[in-house]
Amino acid sequence: WNRIRNWSNFVVDGTVYFSGNDPWYHYRSTEYASENFLSTMPYDPWTYFPFGTAVGQFGTLFDQIIALVALILGFGSPSESLLQHVFLLAPPFFAVAACLPAYFIGRRLGGRVGGLTTVAFIALAPDRLLQMTIAGHVQHEAAEVLFMSLSVLAIMIALSVVEREKPIYELLAAGEADALRGSIGWSLLAGVAMALYLWVW
């Protein structure tokens, strides 16, 4: 509620506007992704105008996630208005999603009270995270917090499993892969989480 209550300020006579320059770039990239899902915009004439910029920086996981949500809500063919409204409201939902891994990080460090305190800070602290996850301020930083939290949680779990199982090379050399399954599995998941975080950025 704290992040979404201002959403109507960005809708004027049925037209959706965004805060700042970067949201417009992300909107173009999201619009392209919704029309050509899983493909990314190969060229943007408005970035480095009037010359444009070729492939290499467009279509992050942030844009793809928003496009996927719009495609689901629009039953495969979202209207321009639906896409704009999903895009406008995406940052608060990334903040809500970040509460899940943040809760488990806080719980691992400080019990249930630590988890709830972490979520309360995300919800109420008047900080940079609040500024970056308000409706209308659509930039990839909103998703970075979610995926960074997932990465930290996955690394914490992987380190706990490795500490408990104490894997050694001799187990691998002896072909006892079952003894290493937890350590390898959680380490791979931590690597995937970090890769997703970098893809968002």
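Summary table
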| item | result |
| --- | --- |
| Checklist (1) free of Cβ contacts under 8 Å to residues at least 12 places away in the same chain; (2) in contact with a helix residue (DSSP H, G or I) (Cβ under 7 Å, 6 or more places away or on another chain) applied to residue 52, failing item | (2) |
| Those residues of the stretch 165-184 which are open to solvent by less than 30 Å² (accessible area, probe 1.4 Å) and of a type in the set (Gly, Ala, Ser), in sequence order | 182, 183 |
| The listed residue being without any contact (Cβ under 8 Å) to a residue 24 or more places away in the chain and at negative phi, out of 84, 139, 131 | 131 |
| Residue within the stretch 65-82 that is modelled with pLDDT of 90 or more, charged (D, E, K, R) and either closer than 18 Å to residue 201 by Cα or in contact with a Leu (Cβ under 9 Å, 6 or more places away or on another chain) (or both) present | no |
| From 162, 152, residue being of a type in the set (A, V, I, L, M, F, W, C) and open to solvent by less than 60 Å² (accessible area, probe 1.4 Å) | 162 |
| Subset of the stretch 75-98 [touching a helix residue (DSSP H, G or I) at 6+ places or on another chain (Cβ under 6 Å), crowded, with 20+ Cβ neighbours inside 10 Å and more than 16 Å from residue 26 (Cα to Cα)] | 78, 98 |
| Any chance residue 113 is surrounded by 16 or more Cβ atoms within 10 Å (Cβ to Cβ), assigned to a helix (DSSP H, G or I) and either at pLDDT 95 or above or in contact with a Gly (Cβ under 8 Å, 6 or more places away or on another chain) (or both) | no |
| Count - residues of the stretch 150-181 that are more than 26 Å from the chain's Cα centre (by Cα) and either under 28 Å from residue 96 (Cβ atoms) or in a helix (DSSP H, G or I) (or both) | 14 |
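The values are calculated or read from the model by the stated rules, or taken from the named source; none is laboratory data. Computed from a prediction, not measured in an experiment: that's the story for all the values here. Note: ideal-geometry Cβ built from the backbone for every residue, glycine included; neighbour counts use all protein chains shown. Just so you know, the surface numbers come from the protein's heavy atoms only, side chains and all, with ligands and any DNA or RNA stripped out. Shrake-Rupley method; radii C 1.70, N 1.55, O 1.52, S 1.80 Å.
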